[in-house]
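To keep things clear, I will list the structure first and then write my remarks on it.
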Amino acid sequence: MSDKPAAVSRAIAEERRASGPAGYATQIYAVAAAELRKLRHDPTELLTRALQPAIWLLLFGQVMAQIRGIANGRYLDFLAPGILAQSVLFAAIFYGIAAIWERDLGVLHRYMVSPAPRTALVLGKAFSSGARGLSQGVVIYALAAVLGIALDLHPLSLVGVAGFIALGSALFSTFSLIIACIVRTRERFMGIGQVLTMPIFFASNAIYPIDLMPDWLKAISSANPLTYEVDGLRDLMLQGGTSRYGLGVDCAVLLLTTAVLVLIAARIYPRMTA
């Protein structure tokens, strides 16, 4: 009998630790680690994702570089950050299909009955997507070095680039999760994902300067999170790179947009099991 109050006290203490900041971080890490283990079991995914940015840089970039009026004749330098952001977008925007697979396999039901807050589940998936996005950065940097692009390899710049990659990947993967929660079927998700990807890409500053856009496209571009990701990457990735909006604004837009999307996703995520 004397051990019972002590056992109850220990249980309460453990529950408080689990619900505190450290416990919340542990829950996020557990979800992210589970997602990244999938990548370890299928490393060929990294290779297939590297093919598309390679094609854009080696084919599209080389051809457009011959047009001297674009980006002062340094079009490949201008293009590389945009292709890095594009590769992160294309990988992240289809991330939600994994949630549909998890629902069909019963994994999602296990997540929903766990004591982890829904925001921790969403953030765990966002962080794992960010880690995957970093692998894209390694590929783009390697290609850019081969092509003679003037990369800024200062450690602080590399850390900044990694941060923007992780933020952009988290943002668009969370957006993808919201779409998956709404459409609920793989077929509809693939169709909507394909419809959304190209407008987001082309309505940004990824492959052409904002100054060349018509006014209506400039307005759309200014509301496009990808524009701010590319803007920050151009400043940090290139020697002598500059930011049109400022790194502070770029980072703030990505952080605020991601935060809003995480809250929305956390609210509607449980509906997938209904």
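What follows is calculated from the coordinates using simple rules that are stated; it is not laboratory data. Small disclaimer: the values here were computed from a predicted structure and weren't measured. Please note: Cβ atoms are built from the backbone with ideal geometry, for glycine as well, and neighbour counts cover all protein chains shown.
Against the empirical curve 2.2 N^0.38 Å, the C-alpha radius of gyration of the range 29-273 lands at a ratio of 1.01. Taking 45 Å as R0, compute the FRET efficiency from the Cβ-Cβ separation of residue 22 and residue 247 and round it to 0.05. That pair, residue 22 with residue 247, gives E of 0.90. Extending each Cα 7 Å along its Cβ direction at residue 223 and residue 268, get the distance between those two points in nm, one decimal. In this crude label model, residue 223 to residue 268 measures out at 1.7 nm.
As a proxy for reagent exposure, ranking 187, 102 by other Cβ atoms within 10 Å from fewest up yields 187, 102.
Less than 5 angstrom separates the built amide H of residue 151 from those of 239, all sequence-distant by 5 or more or on a different chain. Taking 7 Å steps out from each Cα toward its Cβ at residue 184 and residue 74 produces label points 5.2 nm apart. Between the beta carbons of residue 110 and residue 52, assuming R0 = 30 Å, the FRET efficiency works out to 0.35 to the nearest 0.05. Once you reduce the range 79-134 and the range 168-246 to the center of their Cα atoms, the two points are 17 Å from each other. Please name whichever of 145, 222, 239 sits farthest to the positive end of the charge dipole of the range 29-273, dipole taken about the Cα centre and charges placed at Cβ: Lys and Arg +1, Asp and Glu -1. Result: 222, furthest along the dipole toward the positive end. Can you pull the Kirkwood radius for the range 226-271, inverse mean 1/r over Cα pairs, to one decimal in Å? By the Kirkwood definition, the hydrodynamic radius is 11.7 Å.
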